[in-house]
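Following: one structure in structure tokens, then a few remarks.
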Amino acid sequence: MSYLKWLENWYESYCDDEWEQTHVLKIESIDTPGWRVTIPLLETELEGKLLNEIIIDRDDNDWVRCWIKDGYFEGAGGLKNLEEMLQIFKEWAEE
């Protein structure tokens, strides 16, 4: 199963016509250029779970940062690092 498909399933498991109204998952482009991922953790089994900030710097175009802030898993990375951020989220969520 792809990391995106896994994320779709994870998100769907919380959608109940209320939760998704206030807990928005975002995948968006940034001007670095690259990607930004924001995944809600509030009212999930992951709320309160700790994550040591992840910093991966391979070069100016190949980088990833992941952290927890205000009840959200946040990730940012280079143009070809979106899947890697989703992989980090999945592995963190399942550990």
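The values are calculated or read from the model by the stated rules, or taken from the named source; none is laboratory data. The structure displayed is predicted, hence computed values, not measured ones. Counting neighbours? That spans all protein chains shown, and the Cβs are built from the backbone with ideal geometry, glycine included. These area figures cover heavy atoms from the full protein model, side chains too; ligands, DNA and RNA do not enter into them. Shrake-Rupley method; radii C 1.70, N 1.55, O 1.52, S 1.80 Å.
Please give the FRET efficiency for residue 8 paired with residue 58, using the beta carbon to beta carbon distance and R0 = 22 Å, rounded to the nearest 0.05.
0.20
Pick from 22, 44, 32: which is most flexible by mean-square fluctuation in a GNM of the chain where alpha carbon atoms under 10 Å apart are linked?
Between 22, 44, 32, it is 22 that shows the largest mean-square fluctuation.
For the chain, set up a Gaussian network in which alpha carbons nearer than 10 Å are linked by springs, and say which option among 31, 62, 16 fluctuates the most.
In this elastic network of the chain, the residue with the biggest mean-square fluctuation among 31, 62, 16 is 31.
Go through (i) 39; (ii) 60; (iii) 34 and flag the label whose value is the computed percent of Cα pairs over 20 Å apart for this structure.
Among (i) 39; (ii) 60; (iii) 34, the one calculated here is (iii).
Which of the aspartates and glutamates could be linked to residue 5 by a straight reach, that is with a Cα gap under 13 Å, when you skip same-chain ones fewer than 8 residues away?
Partners found: 83.
Per residue, how large is the accessible surface of the chain? Use a 1.4 angstrom probe and give square angstrom.
For the chain, the solvent-accessible area averages 63 Å² per residue.
Pulled fully out, how much extra length does the chain show between residue 1 and residue 50, if you take 0.36 nm times their separation in residues and subtract their Cα-Cα distance?
Full extension from residue 1 to residue 50 adds 15.1 nm.
Any chance you could give the angle, 0 to 90 degrees and rounded to 10, that helix 3-12 forms with the longest Cα principal axis of the chain?
Tilt relative to the chain: about 30 degrees.
Once phi is turned into θ = phi - 60°, what whole-Hz ³J(HN,Hα) does the Karplus curve with 6.51, -1.76 and 1.60 give for every residue of segment 18-23, x standing for Gly and Pro?
Ordered by residue, 3J(HN,Hα) equals 10, 3, 5, 6, 10, 10 Hz.
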